[in-house]
Amino acid sequence: MKRLFLLFAAVAAIVSCAPKAQDNAEAAPEQSAPVKIDHAAYSSPNAEGQQRIYDYLKAHGPFFITTVDGDQPRVRPFGALHIFEGKMYIITGHVKRIAKQLAANPKVEVCALNGTEWVRVAATLVEDERVEAKKSMLDANPNLRSSYNENDDNIAVYYFTDATATFSSFAGDGDVVKF
């Protein structure tokens with residue numbers, strides 16, 4: 001019962017901290033040509049901190065990711081996580097609602113719970129369309145190969161940027177890690 005309460009408390013924390021959707025009354029910015037991103041060139045500015053968060057999320061999974069759908073926060077469990085080329089990745093499918101939500105607003109919060117301690121990670125996710133990134137994620141999580149193939153159009157892998165993780169407990173906020 002205590003664990004269930006903690007899970008509800010963590011979900012409530014995620015929902016209360018979900019990124020806000022842009023006001024629909026604002027005029028849409030003028031569209032320009034897409035910017036080509038060199039995904040291989042980016043790596044976490046704090047590899048040690050990123051590894052600490054990766055280890056925590058892997059040890060205390062599943063972890064929960066919050067996105068925004070219009071003005072409604074959406075929370076769902078994830079379990080697959082991988083570090084490739086110095087970046088921490090998650091995986092989903094383009095046909096899933098989360099992919100559409102991330103295309104509209106790539107800001108997320110992630111939460112994982114370990115008894116009376118939890119971590120919240122505020123970050124921006126960047127999609128990496130490269131086959132190498134998709135293959136690496138699937139090689140690290142072979143159980144997902146029944147659902148995804150690195151060469152199909154459905155697989156979507158995202159890495160974390162501008163990430164700030166906050167460790168908390170019922171005693172209060174603790175350590176902050178930027179990666």
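Tabulated data
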read-out	value
Among the candidates 121, 176, 126, residue that is part of a strand (DSSP E or B), under 18 Å from residue 45 (Cβ atoms) and free of Cβ contacts under 8 Å to residues at least 60 places away in the same chain	176
Among (1) more than 22 Å from residue 145 (Cα to Cα); (2) crowded, with 18+ Cβ neighbours inside 10 Å; (3) more than 10 Å from the chain's Cα centre (by Cα) - the single one residue 70 does not satisfy	(2)
Test: residue in segment 152-163 that is closer than 29 Å to residue 117 by Cα and aliphatic (A, V, I, L, M)	yes
Residue within segment 1-13 that is modelled with pLDDT of 50 or more and not in a helix (DSSP H, G or I) present	no
Hits in segment 128-173 - residues which are crowded, with 17+ Cβ neighbours inside 10 Å, acidic (Asp, Glu) and touching a strand residue (DSSP E or B) at 6+ places or on another chain (Cβ under 6 Å)	128
Residues that are of a type in the set (Ser, Thr, Tyr) and under 24 Å from residue 165 (Cα atoms), drawn from segment 119-142	124
Residue selected from segment 53-87 under the condition in contact with a strand residue (DSSP E or B) (Cβ under 7 Å, 6 or more places away or on another chain) and part of a helix (DSSP H, G or I), by the criterion farthest from residue 125 (Cα to Cα)	56
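The values are calculated or read from the model by the stated rules, or taken from the named source; none is laboratory data. Treat the numbers as computed from the prediction; the structure is a model and nothing was measured. Every residue, glycine as well, gets a Cβ built from its backbone with ideal geometry; the counts of neighbours run over all protein chains shown.
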